[in-house]
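Trainee: Below is the structure I would like to discuss, written out as structure tokens.
Every number in this text was worked out from the coordinates using simple rules, so none of it is lab data. Just so it is clear, the structure is predicted and the values come from calculations on it, not from any experiment. So basically every Cβ, Gly included, is an ideal-geometry build from the backbone, and we count neighbours across all protein chains shown.
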Amino acid sequence: MAEGVGEEKKKFSIWDLPDVPMGQLPPHLELQRSRVSCNKDAPIHTESIQYSGAYASMGIDNSSRLDRFSNNFRVEVVQLNKDDMEFDMIGIDAAIANSFRGILIAELPTMAIEKVLIANNTSIIQDEVLAHRLGLVPIRVDPRLFEYLSENDQPNEKNTIVFKLHVQCKRGSPRITVKLDALKWLPNGSELVKETRNATSDSSSKPETYTYFGCSQEIIPEFVKNPIIPKYPDIIIAKLGPGQEIELEAHAVKGIGKTHAKWSPVATAWYRMLPELRIDCNCCIIGTYRR
Amino acid sequence: MEHGSFTDNSAATFSLTDEDHTIANAVRFTLNQDPRVTFCGYSIPHPSEARVNIRVQTTGDPAREVLKDACQNLMLMCRHVRSTFDKAVEDFRASNAVKAMKIDSQDSSGDDSEESE
């Protein structure tokens, strides 16, 4: 049990401040400007003093010029794994950090399944529930290789990824669980044929499908190295009883989290201010070691 | 859209569509840092409508120039953040690779000393 040395804590008095402005804020104002203090009931000084002329009467310039920012700003990475990352940004204001957080969650594009064409679904999972679950599945692909699909565009190999799911549980066999590894990537585009009313159209041409792939997606070298698959192949999509079947095709497009949370690339992103502990000299420190 | 600056162009309200707190708070921060600005703030007239009103009042300079400069500053700041971040990630990866190699070499040297004894 350690006890603080019995010396008088130097009390700060404003009568000690010099008359001529020294170019630096007095310590109590500097504390108010740069730190959020956590008091017993609530934190104080949470608003950051951003106004450039806040301390103009003392002759101190509160504006932050770009060169000062560039000199003082540092980033320190604390941990960096495949799926998460933690880093400290020192010298940046909470407003910009919050904007980064918002952009991470809502405005980074990813690929997610948008249209699900269901050919046959005799399982107990309803069509729309199945489609919703498929939409939330994370797909392991770099979204920068694709373009956005707008309403007037036709789905082609540059803006769509096509997956197929065909599972069947035979009569007499036990119930099966449909996991994501049953979802197959179709690099050549959709295989479902559109019904054409025109019977006189030439039968020698290829039947029209729901996508218009000019070339196969397999030839892109990026996809040869890493074929497009869902990131976690053991996610359960549905469960089938004997005699039930699911046959569907899913089209994935590029989008951002603002439209729908399925396009958000992060599970979540948050920030907090770095805590600073200041121990008062006069208090007794009773500590237990925590391993 | 710029409102309210017909008579006096040092004070104006800029109405941005399809925007929200993300950009408005960041622009307000950089505007505040500019010494030419006497007042700046933003408001969202209705949360269901994606529209932001940014109010800028300056010490004489036209408000739209000051806003443009603030946006430019924000862009430069973000660019600097990005380059610092990239460098920090590279350094971290490099130092981790070095650490992994050091641990391997320590293990192997430990085995050697045991064998010699």
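Trainee: Restricting things to alpha carbons, tell me how big the range B:2-91 is in terms of Rg and Dmax, in Å.
Mentor: 15.0, 54
Trainee: If you place +1 on the Cβ of every Lys and Arg, -1 on the Cβ of every Asp and Glu, and leave all else neutral, what size is the dipole of the range A:23-108 about its Cα centre, to the nearest 20 Debye?
Mentor: 240 debye
Trainee: On to the next question. Residues of B:29-41, mean number of Cβ from any other protein chain within 10 Å of their own Cβ, rounded to a whole number?
Mentor: 5
Trainee: Counting alpha carbon pairs within less than 8 Å and at least 6 residues apart, what relative contact order, in whole percent, applies to the range A:53-175?
Mentor: Rounded, it is 12 percent for the range A:53-175.
Trainee: Let me ask something else. Quick one: P(r) of the range A:81-227 from all Cα-Cα pairs, 10 Å bins, percents rounded to integers, in order of increasing distance.
Mentor: Once binned at 10 Å, the Cα pair distances of the range A:81-227 give 8, 28, 29, 21, 9, 3, 1, 0.
Trainee: Right, another one. Got a sec to turn the phi values of the range B:18-32 into Karplus ³J(HN,Hα) couplings, 6.51 cos²θ - 1.76 cosθ + 1.60 with θ = phi - 60°, whole Hz, x for Gly and Pro?
Mentor: Result, rounded to whole Hz: 6, 10, 8, 4, 3, 7, 5, 5, 5, 5, 5, 4, 5, 4, 5.
Trainee: Which shape class applies to the range A:84-132: rounded if a/c is under 1.5, otherwise prolate when a/b exceeds b/c and oblate if not, where a ≥ b ≥ c are the square roots of the Cα gyration tensor eigenvalues?
Mentor: prolate
Trainee: Using amide H atoms built in the peptide plane, which far-off residues or other-chain residues are under 5 Å from A:GLU147 H to H?
Mentor: Excluding prolines and chain starts, which carry no amide H, the hits are A:ASN159.
Trainee: Roughly how crowded by other chains is peptide A:45-55, in terms of the mean Cβ count from those chains within 10 Å of each of its Cβ atoms?
Mentor: Counting other chains' Cβ atoms within 10 Å and averaging over A:45-55 gives 3.
Trainee: Moving on to the next point. Which whole-Hz ³J(HN,Hα) couplings does the range A:160-177 yield from phi under the Karplus relation 6.51 cos²θ - 1.76 cosθ + 1.60, θ = phi - 60°, glycine and proline marked x?
Mentor: Computed from phi, the couplings for the range A:160-177 are 9, 10, 10, 10, 10, 9, 9, 10, 8, 10, 6, 5, x, 8, x, 4, 10, 9 Hz.
Trainee: Using θ = phi - 60° and the Karplus form 6.51 cos²θ - 1.76 cosθ + 1.60, what ³J(HN,Hα) does each residue of the range A:29-40 get, whole Hz, x for Gly and Pro?
Mentor: Computed from phi, the couplings for the range A:29-40 are 6, 5, 4, 5, 6, 10, 10, 9, 8, 9, 8, 4 Hz.
Trainee: On to the next question. Within 10 Å of each Cβ in peptide A:85-95, how many partner chain Cβ atoms are there on average? Round it to a whole number, please.
Mentor: For peptide A:85-95, the averaged partner shielding equals 3.
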